[in-house]
Amino acid sequence: MQIRKLSNVVAVAAVLATSPTRVLAWGDQAHRIICAIAMREMSESSRREVNRLIAMDEEFSNFAESCVWADHLRDKARRRGGPDARAHEHYINVARTTTKIRTDTCTLADECLFSALKSDEKILSDRRASDADRLAALKFLGHWIGDIHQPFHVSYADDRGGNSIDTKGECSSNLHAAWDQCLVHKRFRVGDAGKIAQKLASGITDEQRRQWTAVPPASWADESYQIVTSPAVKYCVEHNGTCRYSARELELSPHKTHKIVAIGPDYIETYGPVVEVRLQQAGERLANVLDRLLGSH
């Protein structure tokens with residue numbers, strides 16, 4: 001398996017600049033930033049239609065806030081004592097022998113992030129669908145496109161996308177959560193999502209817009225996968241064409257002690273900029289998708 005070296009992953013970022021129990025994708029702040037970027041980057045006609053639909057929402061007053069909704073459905077389902085029917089659509093599981101994401105198909109399940117994107121795009125673009133259904137599809141799409149840009153949402157089921165890999169140091173939780181929230185908070189400190197989005201959007205060049213929106217969702221997922229499997233991320237160990245859980249174990253066995261990844265200042269310095277680019281890419285691509293689906297309204 002030819003896993004990209006760290007230098008290659010960072011260079012790509014600069015150029016481009018499981019199970020239902022998984023924790024929140026990105027964190028609420030990152031999802032808000034992504035959707036706030038999209039609102040700045042989409043066309044005026046798309047923005048009007050997004051605002052029209054969001055005005056009907058009983059819970060959220062703007063699109064950026066609504067992009068956390070899909071994660072919080074799981075909290076509500078747990079309180080009701082039932083499952084979240086779409087929890088399995090927040091991620092893409094692949095085999096440990098995978099070297100590249102080439103197609104937008106769910107290879108290890110009937111449904112995943114790829115199918116979720118297609119399903120909600122179809123609803124949102126259907127002018128015969130009810131506004132209620134289109135509003136829900138809009139909120140889901142805002143979230144799904146954020147999810148596919150979080151590297152640990154394109155990963156392996158046995159370690160729950162890094163949730164079963166503990167961390168210590170600058171981010172003391174687990175590897176998935178470190179990328180969801182800790183790296184975002186370290187990069188931007190405490191700040192208003194709208195102001196952060198304004199700064200990030202202003203840093204996107206026309207050439208980046210062209211490059212980022214020219215590739216399909218399979219490429220978005222592959223970008224995440226190439227980052228997450230980079231040796232310096234410390235997620236897996238490449239050996240004979242397979243990205244193993246550890247040098248001794250192919251996969252994480254049930255009830256085994258989790259390995260611990262140390263996240264220090266160098267890790268934060270290296271991957272903070274990568275996280276920033278992923279947020280920019282997600283926001284720009286979301287704007288492009290919504291322009292395609294809504295621009296003619």
For His72, all conditions in the list (1) assigned to a helix (DSSP H, G or I); (2) at pLDDT below 95; (3) under 16 Å from Arg278 (Cα atoms) hold save one; what is the number of the exception? (3)
Residue ID - surrounded by the fewest Cβ atoms within 10 Å (Cβ to Cβ), chosen from residues in segment 104-149 that are more than 20 Å from Arg292 (Cα to Cα) and among the hydroxyl-bearing types (Ser, Thr, Tyr): Thr105
Residues of segment 61-98 that turn out to be open to solvent by less than 20 Å² (accessible area, probe 1.4 Å) and within 17 Å of His153 (Cα to Cα), as a count: 12
Flagged pairs (Cβ under 6 angstrom, 6 or more apart or on separate chains; first in segment 42-70, closer than 21 Å to Asp147 by Cα; second among the aromatic types (Phe, Trp, Tyr) and surrounded by fewer than 19 Cβ atoms within 10 Å (Cβ to Cβ)) are Ser66/Phe60
Report the residue count in segment 150-176 for those that are crowded, with 21+ Cβ neighbours inside 10 Å and not in a loop (DSSP other than H, G, I, E, B). 12
I need the full set of residues from segment 47-69 which are in contact with an Asp or Glu (Cβ under 9 Å, 6 or more places away or on another chain), closer than 24 Å to Asp180 by Cβ and not in a helix (DSSP H, G or I), in order please. Glu59, Cys67, Val68
Taking Ile101 as meeting all but one of (1) among the aliphatic types (A, V, I, L, M); (2) surrounded by fewer than 22 Cβ atoms within 10 Å (Cβ to Cβ); (3) not in a helix (DSSP H, G or I), write down the number of the exception. (2)
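The values are calculated or read from the model by the stated rules, or taken from the named source; none is laboratory data. Remember, it's a predicted structure, so these values are computed and weren't measured experimentally. Glycine gets a Cβ as well: all are built from the backbone with ideal geometry, and neighbour counts include every protein chain shown. What goes into the accessible areas is simple: the full protein's heavy atoms, side chains included, and nothing from ligands, DNA or RNA. Shrake-Rupley method; radii C 1.70, N 1.55, O 1.52, S 1.80 Å.
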